[in-house]
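Heads up, the thing below is written out as structure tokens.
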Amino acid sequence: TDRLTKVAMPSPSLLGAYWKEGASGGAYPTRDSYVEHLAEIMNEDAHALAAAGIDHIQLDAPHYAYIQRVIPVDDRDAALRHAVEIDNRVFAGLPDATTRALHICRGNDRSHFTGTEPYDAFAASILPNTAATRLLLEYDDERSGGFAPLRFAREDQTVVLGLITTKRSDMEDPDELKSRIEEASRYMPLDRLALSTQCGFGSNAVGNAITPEAARAK
């Protein structure tokens, strides 16, 4: 195809939640050995995708916003920095022309959510350390907090503001969107901001509590 094409992949550190004590040890003795092998395999996948002409490769990492709920951690900042380091390996060695993207939300299953904490407490552990140059961030309700954490983004990063909700059918007000974009521009130049939905319209076969008509309108 000559169209811009994106493939979204689960992050290895997210899939780490599937390692279970007492059940997974026959294949991988530790969670870390499992996740490190995942990163290796997914790096191979990313290179195959780039070779096939995929322009954007996106890692989905919703657990960054609620890591302690899916993987037991003592030091959240250290755990997040380690997760980012592991996930960066997926992007290792990709061609410069391939856009590396990272998506962070708080869950999107059947219009539900998991995390409730704003970015303020953990953005500094993630944004400057990820290899991604495009950051797609949930910002469609009060759970996301304000835009001040955008100051932690590097100068080579673009932030995609997820101001459009996929959880509900009600339409956003254009003037309110403009106001929020102007607020975000206090922390990042407009030419490094973009606009999108906060997540996809369906994270599984059940989908979200939104009509197909509203999804198309959004």
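The values are calculated or read from the model by the stated rules, or taken from the named source; none is laboratory data. Predicted model only: the values in this text are computed from it and were never measured. Cβ atoms come from the backbone with ideal geometry, glycine included; neighbour counts cover every protein chain shown. When the accessible area is computed, the model is the full protein with side chains, heavy atoms only, and any ligands, DNA or RNA have been set aside. Shrake-Rupley method; radii C 1.70, N 1.55, O 1.52, S 1.80 Å.
For region 151-199, residues that are of a type in the set (Ser, Thr, Tyr) and closer than 19 Å to Ile126 by Cα total 2. When each of Arg81, Arg3, Arg69 is tested for being within 20 Å of the chain's Cα centre (by Cα), at pLDDT below 90 and among the charged types (D, E, K, R), the lone residue that passes is Arg69. Looking at region 21-50, I want the residues that are closer than 19 Å to Ala83 by Cα and open to solvent by 80 Å² or more (accessible area, probe 1.4 Å) and have a partner that is outside any loop (DSSP other than H, G, I, E, B) and of a type in the set (A, V, I, L, M) with Cβ atoms under 6 Å, at least 6 apart or on another chain. Which pairs are those? Nothing qualifies.
Within region 75-85, is there a residue that is closer than 30 Å to Asp2 by Cα, buried (at least 21 other Cβ atoms within 10 Å of the Cβ) and hydrophobic (A, V, I, L, M, F, W, C)? Scanning region 75-85, I find no residue that is closer than 30 Å to Asp2 by Cα, buried (at least 21 other Cβ atoms within 10 Å of the Cβ) and hydrophobic (A, V, I, L, M, F, W, C), so the answer is no.
Do the conditions hold for Ala17, that is, is it modelled with pLDDT under 90 and closer than 18 Å to Leu80 by Cα? Yes.
Scan region 149-201 for residues that are in a loop (DSSP other than H, G, I, E, B), small (Gly, Ala, Ser) and either open to solvent by 70 Å² or more (accessible area, probe 1.4 Å) or modelled with pLDDT under 95 (or both) and jot them down. Across region 149-201, the qualifying residues are Ser169, Gly200. Total residues in region 132-148 satisfying the condition of being open to solvent by 50 Å² or more (accessible area, probe 1.4 Å) and part of a helix (DSSP H, G or I): the figure is 1. Take the residues in region 51-66 that are more than 11 Å from the chain's Cα centre (by Cα) and within 24 Å of Leu137 (Cβ to Cβ); name whichever of them is least open to solvent (accessible area, probe 1.4 Å). Filtering region 51-66 for residues that are more than 11 Å from the chain's Cα centre (by Cα) and within 24 Å of Leu137 (Cβ to Cβ), the one least open to solvent (accessible area, probe 1.4 Å) comes out as Ile57.
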